[in-house]
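Some notes on the structure that comes next.
The values are calculated or read from the model by the stated rules, or taken from the named source; none is laboratory data. Source: prediction; values computed, not measured. Heads up, the Cβs are rebuilt from the backbone with ideal geometry, glycines too, and the neighbour counts pull from every protein chain shown. Ligands, DNA and RNA are stripped out before the accessible areas are found, and what is left, the full protein with its side chains, is counted by its heavy atoms. Shrake-Rupley method; radii C 1.70, N 1.55, O 1.52, S 1.80 Å.
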Amino acid sequence: MRQAPAAEEGGRDWQPWAILAVLALALVAIVWLTHPGERPLAKRTAESGLPLTSEQKSVDFQAADLSFEVLADSERLNGRAVLSFLVKAPIRKLQFDLDPELPISRIDVDGGKLDRPGWENDGGLVTVRLPEPKRAGDRLTLAITYGGRPHVAKHAPWDGGFVWAHTKDGRPWVATAVEGEGCDLFWPCFDNSRVEVGTVTQHIVVPKGLSAPSNGRLLGVDQLADGRTRWNWRASHPNNYAVAIDVAPFRLAQHIHLSRFGNRFPIQYWYLPGEDRQAAALLAEMERTVDFFEATIGPYPFGDEKVGVVETPHLGMEHQTINAYGNAYKAAPEGYDWLFDHEFSHEWFGNQLTNADWDDMWLHEGFATYMQPLTLEWLRGRMAYDAAMFKERQQIANTHPIVSGLHQTESYVSDPQRGPGTDIYYKASWMLHTLRGLIGDDAFWRATRRLVYGRPDPRPGNFQPRFASTDEFVALASQESHRDLRWFFDVYLRQARLPRLVVGRIGTALTLQWRTPGGLPFPMPVEVRVDGRTEVVPMSSGHGALTLPNAFSLVTVDPDSKILRQSDAIDRFRADPASKIPYGPS
Ligand SMILES: [Zn+2]
């Protein structure tokens, strides 16, 4: 892109060696781009959360029975997926999503083999013409045999696919991470967060000596005649993108946890050999974190399956009951593992409670990010909470609203050029901190509990995974605090810019005024400390005033930093190229 101005400026002739060098570079680029597994994805396959087709809306996706043969040496995957549906409205065909780079060799409909033109994969959307039309109330089973080289993630988990890595002693270490692009990168599914399959069973065949921990409960491990093993797992209502394959010579650290809610469940950590000491420490951290989250939010949502964490070559991902952990036990001055904490809280915010649309993704990431300072406050006291909040504050960008009010795909929301990007983490976390300060702990946690479980009194066995939207949380927070809080969320979630508090002082007269984008109402009370005494200025019409004891009174506005608001200091810091914005969770 810089060549044209250079030619205009100098009119230099290109030397043959330079042309050869450019051609060689172009060749390298082409080879790199077309290397198997690193090819660009089909447009539809790359997106997750596109609207369901009318046929997809006409069925209830009840079960997926997935058989995988993981061929680590050749980086290939063979799959057979048996998908079971209950038909709700008449259909003559059905569609599902699958990466076209994993060709389908056979489809059986209700046990009968379909002749070849009976299906086509058009850019990632597979259409199957049914031999007979189906009516409401009918059952339909598709068995899909497919395989090939699954898409390889270049920088998981920020881009999705398979990660083919090796342990220090050269054995396979395989993982998947497909949140951004969706389940269709390696199994036939409806790639929309709104569809949770009732039951997902996996049968994962792996090379001799390797293990394949996965979602849900272990049904058993079969020994195959050729020395390989088949790992059979079953999970209820997993998010599509949470279905995961992990393969390595794992060891298992396990503890049976007695919950404060009276039930017992296993806590499992699958880790690489040679890390027994670190694994024992992480298992202990998992135990105490489970208890903190249960005490704070409510019962662990998948107590009839397990708490599961597996060591991965990539940083992390909230795979239901088999969370990815790739933080390499890094030491931290806070004395906790932020990556484990963040991903584990997604069992509540993401897996139990799933966003109704990706436009509501802050419900996953904002709460998960806010659980980190809350964990630190419990472990280490207020300094650790405040330090974590200050680090998060510096990462808030305010370029796009967190919630658009429109249907969105995951890639839109994650892209800071088009959507909110990491503001769904840090800004949403700070908004929750501000909300908690405004309505108090009791109302905050009652609203959160109803959001997560759909009821105020969750107990093991009395709730199911659920979907929720931003509007539902706004209503719950309003109900539980007995006030209409729409003004609060309208400013923090639906506007890009932060509210600004304009403070004026002449002699003993102190004035405060909220300025919001578009002049939106913002009756946010403000604490002011005057000579060591704190008063609350109600700000009910967006402004307020105080008369100070004398002209030399020392004044601190919002002395406990309860309110997320525009800050000149942070804006200047973020705009300064020499600044180092702290790297935080993601
Ligand atoms: Zn997250």
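Annotations
- From the C-alpha gyration tensor of the chain, square roots of 5λ in Å: 44, 31, 26
- Whole-number percent relative contact order across the chain, with pairs defined as alpha carbons under 8 Å at least 6 apart: 9
- Accessible surface of the range 268-392, 1.4 Å probe: 56 percent of it comes from carbon and sulfur atoms.
- Geometric descriptor of the range 200-315, per residue, is 115 Å³ (volume of the convex hull of the Cα atoms).
- FRET efficiency, ILE581 to ASP115 (Cβ-Cβ, R0 60 Å, nearest 0.05): 0.55
- With respect to the chain, whose longest principal axis is taken over its alpha-carbon atoms, helix 362-380 is tilted by about 60°.
- Note that the range 381-421, at 10 °C in a medium of 1.306 mPa s, gets a Stokes-Einstein diffusion coefficient of 134 µm²/s from its Kirkwood radius over C-alpha pairs.
- Alpha-carbon geometry of the range 132-181: the Rg and the Dmax are 17.9, 56 Å, given in that order.
- Distance between the 7 Å Cα→Cβ label points at ARG106 and ARG483: 6.6 nm.
- Quarter of Cα convex hull surface for the range 153-269, i.e. mean projection, nm²: 9.1
- Coordinate range along principal axes, alpha carbons of the range 495-580, Å, largest first: 42, 31, 22
- Residue list for the range 326-352, given a label point 7 angstrom along the Cα-to-Cβ vector of GLN278 and an amide N cut-off under 19 Å: 326-344
- Segment ARG264-ARG455, length gained on full extension (0.36 nm per residue, minus Cα span): 66.6 nm
- Against the chain, whose longest principal axis is taken from its Cα atoms, helix 426-453 shows a tilt of about 70°.
- Heavy-atom accessible area ranking, 1.4 Å probe, most first, across ILE570, ILE245: ILE570, ILE245
- The calculated FRET efficiency for the pair GLU535 and LYS43, based on their C-beta separation and a Förster distance of 35 Å, comes to about 0.05.
- Placing a pseudo-label 7 Å from each Cα along the Cα-to-Cβ vector at ARG494 and ALA89 gives an inter-label distance of 2.9 nm.
- When the pairs LYS43/LYS427; LYS391/LYS562; LYS93/LYS113; LYS113/LYS208; LYS93/LYS154 are compared against a 24 Å limit on Cα-Cα distance, LYS43/LYS427; LYS113/LYS208; LYS93/LYS154 fall above it.
- Folded to 0 to 90 degrees: helix 16-34 orientation relative to the chain principal axis, Cα: 80
- A compact globular protein would have a Cα radius of gyration near 2.2 N^0.38 Å; the ratio found for the range 362-468 is 1.17.
- The heavy atoms of GLU377 offer some 50 square angstrom of accessible surface to a 1.4 angstrom probe.
- For the range 289-345 and the range 452-509, distance of Cα centres in Å: 26
- Low-density loop positions, trypsin sites (Lys or Arg not before Pro), the range 224-321 - DSSP coil, at most 12 other Cβ in 10 Å: ARG260
- The fraction of Cα-Cα pairs per 10 angstrom bin, counted from 0 for the range 35-125, comes to 13, 40, 38, 9, 1 percent, rounded to whole percents.
- Solvent-accessible surface of protein heavy atoms, probed at 1.4 angstrom with all chains present, puts GLU132, GLU535 in the order GLU132, GLU535, largest first.
- Per residue, the range 413-567 exposes 46 Å² of accessible surface when a 1.4 Å probe is rolled over the protein heavy atoms with every protein chain present.
- Dividing the helix sum by the residues of the chain, where each DSSP H run of 4 or more adds -39500 (n - 2.57), gives a mean residue ellipticity at 222 nm of -8500 deg cm²/dmol.
- Inter-part distance where the range 90-150 and the range 270-286 are each reduced to a Cα centre, Å: 43
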